[in-house]
Amino acid sequence: MSAQHIAARRPGFMERERLQGFLDVFRLLGYRTLGPVVEEETIQWREVDTIDALPTGVHARQGAGEYHLEVQSDNRLFAWNHGPQAIKPLLFSAEETLWHERLMADGQVDIKQTLPEVKPTAIFGVRACDLAALALQDRHFLSQQNPDPHYRIRREALFLIGVDCAFSAATCFCTSTGDGPSLGEGFDIGMAELDDGYLAWGGSAKGGEIIDGLSLEPATEAQLNSMIQETDRAAAQQHRFLPGETELKQLYDKLNHGHWDEVGERCLSCGNCTAVCPTCFCYSTGYQRTLDGRSAEMKRQWDSCFSQTHSSMGQFMLRRETALRYRQWLTHKLAGWQEQFGRSGCVGCGRCITWCPVGIDLTQAVAALLDGGLADV
Amino acid sequence: MFDPHLPHSAVIDRRVQESPGIFSLRLQYVDTHVQDIFEFQPGQFNMLSLFGVGEVPISIVSDPDDSHFFDHTIRVAGRVTEALSRLQPDDRVGIRGPFGRGWPMAQAEGQDVVVVTGGLGCAPLVSVIRYLLRRRDRFGDIHILQGVKHEDDLIWRRQYETWSREHGVNVQLAADMPGKAWPWQQGLVTELINTLDLNLEKTISMLCGPELMMLAAIAQLRDMGLSDQQIWLSMERNMQCGFGQCGCCQVGPKFVCKDGPVFCYSEVADFLGAKGF
């Protein structure tokens, strides 16, 4: 963490005991409050109204195809790195209705717009990598000539409380993509968890107002040092990495490399990687009709470049072989995004590694494809 | 808030069966205001939806100056186009669009235009031919080269004959498997390109058809001295949204629906013909 970075934060100190009151502020302001909760043996975003619901001392041990939660004695609430999903499903819904149609008696069709109804939502414990991914999804869904109204309505309702990562999982590599483990930008309030409390600072005008209202004591020199040590430790725990973006562009020169087939042999084409990736945005659409045939909804649902239909035109499938689908995903994510969005589409969260049922590791694939040998893991 | 997902109802004014598997629909938005502000360029497309059945991208073949109606020529290729083929005048469809980038008609002004098509009737370029002929004095010579596999595959045969009688228009057709009464060439469309005497200083070429045909045509046009910037083509991919959001149509870093479907060859040269793209 750079000196400039720390100076810009100017955090105040919040004792651990004040955290419940801090959460209550959002409920008083009319927000629905979401936070990390242990469910189905993973960390999930769920509605929380008491800090007792947060995962005390829970760490997430992650590896290629592995995810286990462990409870340690440190009493930290944000020691876990992340669960299977970032903020993506809260904005870009896994399935939703785009429009509704009704067949009228005179044969005319009545088409009605369907937009989501949302409550203002504050999310506690958003990670730096997830904020970086959110910035990319914002660019895709909002900065286009045709911004997406569904995404926009949900996005405008969000209040984001980010927390620095104090620990890294073995699958994390955000230091090499420049997206963590300390918060960069895109949050309304930033926080760092220390042994006896939290440092908190505003990241937006509305976040700053709330922080000002808390009248926190300015952080001491020792507390600032602890904050730095926490993220330094997380950074030092990372061993996986991706090369720089200039090198990643060379993936397009490796389209005929033999390694695609090696990965294609192992890959199940299940689409887990694209489902957990916080930046993957592909979707498909289709009608769902009511049984009486009088009305229909146009639905969109997440699609994946690993699905059969993704590259299909009529009877013709562009990417029948799994190796070609994996190649599509990796070259697009790491090289194609650079032309489309000005940066790689990978924020180093490592979810695709963790949640791949056969443990395919994109950092290893990239190393093999760019002839750099295997990544040091 | 403008919603690019939301279609507007359009009514079928006329239906023409062009050939056994190809038909045209003349459409008009039900909402006159929507019809009034509807503008497009040759080469752009609409998303056509049929109640409860599905939605497909179809290029617009009518002239952009015809403000009361717009036409789509559709080949029956799957479930949705099959259902669309059964529609009759006064039936309704949903329309979203226009989407995509059309042909470089401004760049083509004052130039000789070589139009190369292959396969079953190539609608995106028929709109260009009509556009050129209607504004004849703004363009140089027009070469229309069309290749079909079997002579029966040629639609708009009478139109090709009409076009060939226009001043400064060179129509050449080739069938790979011609019948006895086929008056034109036997062979591939690429063999027709060979016969052209191109003015390299002022020529633009526009291609549409199967990608292997386009690749062969591009190779030949480049051999004859055309630069990559003088070669344009229309591509087809899986499109769900039409405006660069769903990701299904991507070819390398390009969204075919938004950056295309008409591309300058130099923009897609690295991926055209590459397996899996």
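None of the figures in this text is laboratory data; all of them are computed from the coordinates on show. This is a predicted model, so every value here is computed, not measured. Cβ: placed from backbone, ideal geometry, glycine included. Neighbour counts: every protein chain shown.
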Cα-projected label distance for B:ARG158 with A:GLU209, points at 7 Å along beta-carbon direction, nm: 7.1 nm
Positive-end extreme of charge dipole, region A:212-268 - chosen from A:LEU268, A:ALA235, A:GLY258 (charges on Cβ): A:GLY258
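Report the charge-dipole magnitude of chain B in Debye, nearest 20, computed about the Cα centre from +1 at each Lys and Arg Cβ and -1 at each Asp and Glu Cβ. Kindly include the intermediate steps, with their values, before the conclusion.
Numbers: 25 positive and 34 negative charges, 85 e Å.
It works out to roughly 400 debye.
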Net charge over other residues, Cβ less than 13 angstrom from the Cβ of A:GLY65 (K, R count +1; D, E count -1): +1
Between region A:47-101 and region A:115-186, the alpha-carbon center distance in angstrom: 14 Å
Given 11 as the ceiling on other Cβ atoms within 10 Å, longest exposed-site-free region of chain A for GluC sites (Glu not before Pro) in DSSP loops: A:118-377
Value at 222 nm in deg cm²/dmol, rounded to 500, when DSSP H runs of n ≥ 4 in chain B each add -39,500 (n - 2.57): -5500 deg cm²/dmol
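Starting from the Cα coordinates of region A:245-370, work out the convex hull volume and express it per residue in Å³.
So the per-residue Cα hull volume is 131 Å³.
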Lys/Arg +1, Asp/Glu -1 at C-beta; region B:105-268 dipole; positive extreme among B:ASN199, B:ALA216, B:VAL113: B:VAL113
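What are the GluC sites (Glu not before Pro) within region B:33-110 that DSSP puts in a loop, where the Cβ has at most 15 other Cβ atoms within 10 Å?
Here the sparse-neighbourhood loop sites are B:GLU39, B:GLU109.
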Rounded, prolate or oblate (a/c below 1.5 giving rounded, otherwise prolate when a/b exceeds b/c) for chain A by Cα gyration tensor: oblate
Candidates A:LEU131, A:LEU183, A:LEU291, ranked by Gaussian network fluctuation over chain A, Cα under 10 Å, top entry: A:LEU291
Radius ratio Rg over Rh of the protein assembly as shown, counting only Cα atoms, Kirkwood formula for Rh: 1.04
Gyration tensor (alpha-carbon) shape descriptor, region B:105-268, a/c threshold 1.5: prolate
Stretch in chain B that is longest and holds no trypsin sites (Lys or Arg not before Pro) that DSSP places in a loop and that have at most 14 other beta carbons within 10 Å: B:181-274
Size of charge dipole - region A:3-236 - debye, nearest 20, with Cβ of Lys, Arg +1 and Asp, Glu -1, no other charges: 460 debye
Residue with peak Gaussian network fluctuation, chain A [Cα springs, cutoff 10 Å], from A:GLY180, A:GLY35, A:GLY57: A:GLY57
Neighbour net charge for A:ARG18 - beta-carbon separation under 13 angstrom, K R +1, D E -1: -4
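How big is the dipole moment of the protein assembly as shown about its Cα centre under a simple scheme where the beta carbon of each Lys and Arg is +1, that of each Asp and Glu is -1, and everything else is neutral? Debye, nearest 20, please.
Details: 60 positive and 83 negative charges, 257 e Å.
Value, rounded to 20: 1240 debye.
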For region A:78-119, with +1 on Lys and Arg beta carbons and -1 on Asp and Glu, the positive-most of A:PHE92, A:MET104, A:ALA79 along the dipole: A:ALA79
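Go ahead and estimate [θ] at 222 nm for chain A from helices alone: -39,500 (n - 2.57) per DSSP H run with n ≥ 4, summed, over the residue count, rounded to 500.
On the way: 15 runs with 119 residues, N = 377.
For chain A, the value works out to -8500 deg cm²/dmol.
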Estimated distance in nm for a label pair at B:GLU82 and A:GLU66, the labels positioned 7 Å out from Cα along Cα-to-Cβ: 5.0 nm
Net charge over other residues, Cβ less than 11 angstrom from the Cβ of B:TYR265 (K, R count +1; D, E count -1): -2
